[in-house]
Amino acid sequence: MWLAERTAVTAEHIDHIPGDRLDEPGIVVEVVGGAPGEPPQPFRLLIDGTHRAAGNLRDGRECWAYLLTEQEQRSICTYRLGGHVAEMPTFPGAGVSDRDAGILLAPSGTRNDVA
C-alpha cells in the first residue's frame, strides 16, 4: 500500500486526532531521486496528513490529498545536497494531470485509484 511504503505512522497518535480534523486533506509533494548511476525517478511524499490518512483508512473511510504544484512546493520546501541548501533541480516532463492533482486514497477493496 502506498501510504505504508512512503510514510511512518505513530499508531498511538491516530486516536488523538480531533474528529473535526479527519476530513482535512493531506499535502503531497513529488520529488525526483535515485541510486547513484541510475536515472532519477519521480516519487510522491505525503508531507502533511499522514496520521489522518492512516486513521481514515484503518476505519474504512476515504481520504485525499492535494498534490502541490512545483511553484507551491518551492515556496515551502528546502532542497539539500550534501547537507547544504541548494537550488532545487527541475526535470522536464509532462506535468501534473487533473486526476493527479486530486489524489484519492481509499480503504483496501473499495476502489483502485490510488495514485
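Of the residues GLU30, GLU24, the single one that is in a loop (DSSP other than H, G, I, E, B), acidic (Asp, Glu) and touching a residue at least 24 places away in the same chain (Cβ under 8 Å) is GLU24. Going by what's in this entry, would GLY49 be described as modelled with pLDDT of 90 or more and more than 15 Å from the chain's Cα centre (by Cα)? No; evaluated as a whole, the condition is false for this residue. For the range 33-73, enumerate the residues that are in a helix (DSSP H, G or I) and among the acidic types (Asp, Glu). Listed by number, the residues that qualify are GLU70, GLU72. Go through the range 1-56 and give me each residue that's hydrophobic (A, V, I, L, M, F, W, C) and exposed (fewer than 11 other Cβ atoms within 10 Å of the Cβ). Across the range 1-56, the qualifying residues are MET1, ALA4, ALA8, ALA11, ALA35.
The values are calculated or read from the model by the stated rules, or taken from the named source; none is laboratory data. None of these values were measured; they are calculated from a predicted model. We place every Cβ from the backbone using ideal geometry, glycine too, and count neighbours over all the protein chains shown.
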